[in-house]
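Trainee: Would you mind keeping the following structure in view while I ask a few things?
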């Protein structure tokens with residue numbers, strides 16, 4: 001190694017850790033000052049034909065070392081923990097990206113232990129570390145968060161990051177690295193077009209999950225030494241993120257047609273079908289929002305860690321784009337239906353956003369919100385077909401789905417208790433609340449079925465169809481008892497609807513209820 005390169009490496013290693021051995025941000029500057037590229041020992045110096053061990057290996061963080069964007073994740077952590085502070089984000093942004101990132105690193109920090117790190121890249125970095133190579137993390141992420149990542153991984157000798165004044169991306173990152181190592185004195189691993197300025201001054205480029213266009217452009221320069229490719233999300237990944245299996249909940253839009261004996265009315269049925277797909281797209285966008293807000297928590301959950309976002313198969317940016325497209329599609333479809341339907345759809349959307357951003361952490365209120373959300377589906381079906389929503393059906397839906405929401409919370413507590421022990425909790429509920437949830441949930445569900453039976457007995461239009469409808473009453477009562485029994489045994493891991501779709505007894509009951517309703521109408 002030549003003298004200047006050796007001096008640079010020694011100095012970077014020196015600033016890499018504080019006297020207590022903790023990793024420190026390289027090139028830290030006093031509060032209120034600006035980072036300026038140093039003339040020594042880097043500057044415009046060019047390193048001639050160094051070996052790999054003489055050249056620092058510099059790695060980007062967002063989209064490279066991890067498949068996620070920590071700025072976006074921080075915003076969603078803020079949305080989960082302090083939703084009202086989101087209103088201040090535009091004001092913070094007025095001061096620039098670096099101050100925004102610094103503020104977020106103080107207000108909302110993702111759990112760095114659960115981030116979706118690129119395991120292939122990590123293995124490569126570990127092999128380079130064993131070979132004695134200098135490893136540097138250089139990122140636009142704020143230094144406090146970048147240091148947490150570096151400390152967790154234990155691989156890096158130094159960290160260059162944004163400091164609240166300078167947003168260390170693009171040309172600013174290039175200037176900082178050239179000041180330390182000189183032109184050609186480092187290899188750089190990145191993933192996006194913003195890294196092209198850095199690659200221009202690096203010895204070689206290491207591309208991580210590049211787009212086809214970026215890969216072609218960099219290969220033309222003959223500087224690419226290694227490519228870590230990963231497949232773009234497939235249709236199955238997007239399909240899984242939509243949770244299409246949960247669309248069965250939106251079949252509630254057909255309930256008013258069944259109650260009004262208009263299921264065979266072609267025009268009304270067509271409007272209900274449009275309402276079904278509109279509500280399904282809207283609900284899927286809410287599921288994505290919920291997954292974004294819950295990312296850190298889902299990554300620690302024994303079952304939810306397999307979700308598309310939590311597992312890293314879908315990035316936060318891709319999820320946001322998909323969420324906006326779904327929401328646009330939902331409201332575009334709604335314009336084929338009466339104004340009342342759009343009003344209900346908008347109310348549902350706002351209610352579920354409020355649920356994701358805080359209502360779900362308030363005991364009992366979260367149950368009421370979920371019950372109202374289900375009931376709004378039925379109201380939307382009535383609005384789409386131009387029907388008046390039956391007060392009996394409203395009462396039944398609120399009670400029945402409140403019971404289902406209590407079952408969901410109970411099942412989540414049982415699953416968390418198995419993995420976390422007696423200290424486990426789900427939102428506002430503790431393990432010791434399980435008995436109360438069983439009592440309230442089972443009682444509420446049975447009361448809902450009783451309301452439905454009472455409605456059957458009073459509806460004079462049902463003369464001659466009572467046998468079929470009493471079969472519905474008996475089947476529902478059996479299903480409620482069966483589901484709570486499965487939950488008590490720990491068979492339902494989370495969402496009871498998802499369980500019911502795979503449970504043989506539930507499917508048989510569902511088919512029999514559908515047949516009974518068709519006969520009755």
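Trainee: Mind pulling up the Rg/Rh value for the stretch 171-211? Radius of gyration and Kirkwood radius, both on Cα.
Mentor: Ratio value, two decimals: 0.95.
Trainee: To two decimal places, what compactness ratio does the stretch 355-450 give when its Cα radius of gyration is scaled by 2.2 N^0.38 Å?
Mentor: Here the Cα radius of gyration is 1.21 times the empirical estimate.
Trainee: Would you mind classifying the chain by shape? Square roots of the alpha carbon gyration tensor eigenvalues, ordered a ≥ b ≥ c; an a/c under 1.5 is rounded, otherwise it is prolate if a/b is larger than b/c and oblate if not.
Mentor: Since a/c reaches 1.5 and a/b is larger than b/c, the shape of the chain is classed as prolate.
Trainee: Here is a further query. Going by alpha carbons, how many degrees (0 to 90, nearest 10) lie between the helix axis of 170-181 and the longest principal axis of the chain?
Mentor: Result, in degrees: 40.
Trainee: Hey, what angle do you get for helix 316-334 against the long axis of the chain, alpha-carbon based, 0 to 90 degrees rounded to 10?
Mentor: That helix lies at roughly 30 degrees to the long axis.
Trainee: Same structure again: How far is helix 143-153 tilted off the main Cα axis of the chain, in degrees rounded to 10, range 0 to 90?
Mentor: Relative to the chain, helix 143-153 is tipped by roughly 90 degrees.
Trainee: Report the extension gain between residue 200 and residue 165 in nm, rounded to one decimal, defined as 0.36 nm multiplied by the number of residues separating them, less their alpha carbon distance.
Mentor: Stretched fully, the residue 200-residue 165 segment lengthens by 10.1 nm.
Trainee: Sticking with this structure for a sec: With every atom except the alpha carbons ignored, what do you get for Rg and Dmax of the stretch 323-377, in angstroms?
Mentor: 12.5, 38
Trainee: Calculated FRET efficiency, residue 481 and residue 518, Cβ-Cβ r, R0 25 Å, to nearest 0.05?
Mentor: Step by step, r from the Cβ atoms, then E = 0.55.
Trainee: Report the extension gain between residue 238 and residue 305 in nm, rounded to one decimal, defined as 0.36 nm multiplied by the number of residues separating them, less their alpha carbon distance.
Mentor: So the extension gain works out to 22.5 nm.
Trainee: With a point put 7 Å past each Cα toward its Cβ, work out how far residue 502 is from residue 120 in nm, to one decimal.
Mentor: 2.9 nm
Trainee: Continuing with this model, one more query. Go ahead and run the numbers for FRET between residue 491 and residue 394, Cβ-Cβ distance against an R0 of 45 Å, rounding to 0.05.
Mentor: In this case the efficiency is close to 0.90.
Trainee: Thinking of the stretch 268-394 as a set of Cα atoms, what percent of all their pairs are more than 24 Å apart?
Mentor: For the stretch 268-394, the share of Cα pairs beyond 24 Å comes to 35 percent.
Trainee: For the chain, give me the percentage of DSSP beta bridges that are antiparallel, rounded to the nearest 5 percent.
Mentor: Bridges in the chain that DSSP calls antiparallel: roughly 15 percent.
Trainee: Then there is this: Between residue 277 and residue 454, how many nm apart are label points set 7 Å from Cα along the C-beta direction?
Mentor: Here the answer is 4.0 nm between the modelled labels.
None of the figures in this text is laboratory data; all of them are computed from the coordinates on show. None of the values given here were measured: they were computed from a predicted structure. Here Cβ is always computed from backbone atoms with ideal geometry, including for glycine, and neighbour counts include all displayed protein chains.
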